Amino acid sequence: MNLRKITLRHCESMMTDFPDRTEVQAASADLQRRTLVQMPRPLDRLIYLASTRDYNTGLYYHDGLAARFSQEVACEALAGCHREAFRQLFSSSVENLVGQLAAYRDSSHLDPTSFISAWKELEPYRVAVPAGTDSLAVDFLLSNLKIALAILEARQTRRPMAGLGAWPRPSPAR
């Protein structure tokens, strides 16, 4: 069963009528134009869109979008944008993921070491995966995120030592 069918089943459980595809596309465009454009990286969008999902029901909620369209249309538009953010992140190279993690870390205003510790311990990216995503794709992305996190951590711990290389070394004659 594909991801779209599972999400639709969740959204359909609250619907009386199936949302019109053109309305869903209009809502998606509205969401991208008003909200997602402020999040230039797929990682940021994935986490934000996951936060609009009720973890008990799998339904997506966005009051502003629902007010302009309907709750059903908003649910499907959010789900579609969430899947797209996952696809974009899934297609990212490990080096690109390192950059996205670094930018996300910087935007969190946390101490870099605290950020790394929290992400290693809590693995918040696990709950950001859209429901019904292929398990192999999930495993692949989670593995790449762990690798990217390890690279980011290694670069962080190496950075303070970088300045030491510029110090004059004692000569062997001394």
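Separation of region 111-156 and region 25-104 by C-alpha centroid, Å? With region 111-156 and region 25-104 each reduced to a Cα centre, they are spaced 18 Å. In terms of its C-alpha gyration tensor, region 19-143 has a prolate overall shape, because the principal axis ratio a/c (a ≥ b ≥ c, square roots of the eigenvalues) is not below 1.5 and a/b outweighs b/c. In this structure the amide hydrogen of residue 20, modeled in the peptide plane, comes within under 5 Å of no amide hydrogen from residues 5 or more places off or on another chain. Near residue 65: Cβ cut-off under 13 Å, other residues only, Lys/Arg at +1 and Asp/Glu at -1. The net charge is -2.
All of the numbers you see were taken from the coordinates with simple rules; none came from a lab. All of these numbers come straight from a predicted model, not from anything done at the bench. Backbone-built Cβ (ideal geometry, glycine too); neighbour counts: all protein chains shown.
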